[in-house]
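*Asks:* The structure's right below; bear with me while I get my questions together.
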Amino acid sequence: MRIDRDVKPEYPLSWQARALTGLMRGTVKPASTLLMRHPLALSGAARLGELSRLVPVRDPEHVAIVPAAFSSCGGEWVRGGQGLDERKVVLYFHGGGYFSCSPRTHRSITWRLSLVARRPVLALDYRQGPVHKLADSLADALEAYDCLLRRGYAPEDVILAGDSAGGHLTLAALLALRDRGLPLPAAAICLSPWADLTDVPRRANRWQDPMLPASRVRWLARRWTSGLDPSDPLVSPVYGDFTGLPPLMIVTGSTEVLRDEARRVAQRARLAGVPVRYEEWPRMPHVFPILADVLPEARLAFRHMSQFLSAVAERPAAMGDSVAA
């Protein structure tokens with residue numbers, strides 16, 4: 001199977017997707033519009049996130065969770081079943097706008113990713129705002145990758161993955177590793193990546209997005225880039241030179257306010273010779289794979305990730321990649 005291709009799944013929109021996006025449009029989006037207007041809201045959300053760590057999570061019986069510790073942050077090992085290849089690993093960065101969520105909140109992604117990748121997932125509990133800076137999150141990501149290599153994992157046996165802000169961290173980590181001359185992982189998967197933190201208005205899907213208010217995304221970007229050059233590729237990876245990076249899979253929804261920056265990442269990566277599987281799912285909300293417990297489309301997305309990873313594994317024997325519109 002070719003890696004470098006555009007995919008627009010043509011599955012019929014499920015009734016679950018219709019109901020859920022309608023619910024989000026009437027609840028999550030207006031709540032975000034009201035609350036994300038003051039720094040105190042970020043602090044409050046971060047504290048709620050800390051409290052959520054105390055709430056028991058009921059995982060499927062076949063899923064094993066083991067706490068993992070690093071020098072400056074923690075995380076958890078997630079195993080989605082038996083018979084996984086312990087010589088290989090996925091390093092996962094959760095989303096949450098760099099101020100909320102944790103590996104616990106994203107287990108519906110990480111255990112399924114472990115299952116389709118046939119390897120354990122290390123979900124990193126990296127440092128976040130408002131206490132910490134973007135550079136701290138990136139330092140944690142790079143340290144975790146280095147730790148895996150020091151523990152004996154070969155770079156070609158590591159996959160990076162992340163969603164939303166975690167997709168941003170995935171791209172920034174790849175660029176930083178490349179720029180430092182360090183060995184790169186085999187591939188990366190970005191779900192609804194937040195790739196442009198410059199102060200630009202997002203007009204595409206401003207009204208169609210059922211979850212994210214475009215103005216609040218812009219406000220949050222201003223918060224995290226204060227004192228930084230927003231066009232620095234480690235701050236806004238969409239402006240990076242992707243030369244030499246491994247194959248990418250980018251998954252987004254057609255009505256997301258972040259859709260266009262996902263497209264731009266795919267285009268820039270291809271211009272640099274990087275094979276990209278770009279998937280744009282009709283009318284899916286932001287990071288829809290996290291909703292796999294209720295959305296049929298989300299469960300199908302993991303099958304597509306499995307196809308991508310199989311193609312990456314077969315790539316050394318492939319004759320080449322070509323784009324299919």
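*Asks:* Scanning region 98-109 for residues that are in contact with an Asp or Glu (Cβ under 8 Å, 6 or more places away or on another chain) and either within 22 Å of GLY152 (Cβ to Cβ) or in a helix (DSSP H, G or I) (or both), which turns out modelled with the lowest pLDDT?
*Replies:* For region 98-109, the residue satisfying everything is ARG104.
*Asks:* Right, here's the next one. Could you look through region 65-87, keep only residues that are within 19 Å of the chain's Cα centre (by Cα) and assigned to a loop (DSSP other than H, G, I, E, B), and pick out the one that is nearest to ALA188 (Cα to Cα)?
*Replies:* GLY80
*Asks:* Here is a follow-up. Which of (1) surrounded by fewer than 18 Cβ atoms within 10 Å (Cβ to Cβ); (2) at pLDDT below 95; (3) not hydroxyl-bearing (Ser, Thr, Tyr) does ARG264 not meet, given it meets every other one?
*Replies:* (2)
*Asks:* Here's another thing I want to ask about it. Kindly establish whether TRP194 is among the aromatic types (Phe, Trp, Tyr), in a loop (DSSP other than H, G, I, E, B) and in contact with a His (Cβ under 8 Å, 6 or more places away or on another chain).
*Replies:* The answer is yes for TRP194.
*Asks:* Of all residues in region 267-287 being outside any helix (DSSP H, G or I) and among the charged types (D, E, K, R), which is surrounded by the most Cβ atoms within 10 Å (Cβ to Cβ)?
*Replies:* ARG277
*Asks:* Here are ALA117, ALA69: which of them is without any contact (Cβ under 8 Å) to a residue 24 or more places away in the chain and over 26 Å from THR225 (Cβ atoms)?
*Replies:* ALA69
*Asks:* Please determine whether any residue of region 225-242 is more than 19 Å from the chain's Cα centre (by Cα) and closer than 19 Å to GLY95 by Cβ.
*Replies:* Yes, region 225-242 contains a residue that is more than 19 Å from the chain's Cα centre (by Cα) and closer than 19 Å to GLY95 by Cβ.
*Asks:* Is it the case that region 249-260 has a residue that's buried (at least 23 other Cβ atoms within 10 Å of the Cβ), within 22 Å of GLU156 (Cβ to Cβ) and touching a residue at least 12 places away in the same chain (Cβ under 8 Å)? Explain how you work it out, then say what you get.
*Replies:* The initial filter retains those residues of region 249-260 that are buried (at least 23 other Cβ atoms within 10 Å of the Cβ), namely 249-253, 256-258.
Filter once more, so that each one left must be within 22 Å of GLU156 (Cβ to Cβ): 249-250.
Of the ones still in play, those that are also touching a residue at least 12 places away in the same chain (Cβ under 8 Å) are 249-250.
Yes: region 249-260 contains one or more residues that are buried (at least 23 other Cβ atoms within 10 Å of the Cβ), within 22 Å of GLU156 (Cβ to Cβ) and touching a residue at least 12 places away in the same chain (Cβ under 8 Å).
*Asks:* Given (1) in contact (Cβ under 8 Å) with a residue 60 or more places away in the chain; (2) not in a loop (DSSP other than H, G, I, E, B), identify the lone condition not met by GLY95.
*Replies:* (2) is the only condition that GLY95 fails.
The values are calculated or read from the model by the stated rules, or taken from the named source; none is laboratory data. Given the structure is predicted, the values throughout are model-derived calculations rather than measurements. Counting neighbours? That spans all protein chains shown, and the Cβs are built from the backbone with ideal geometry, glycine included.
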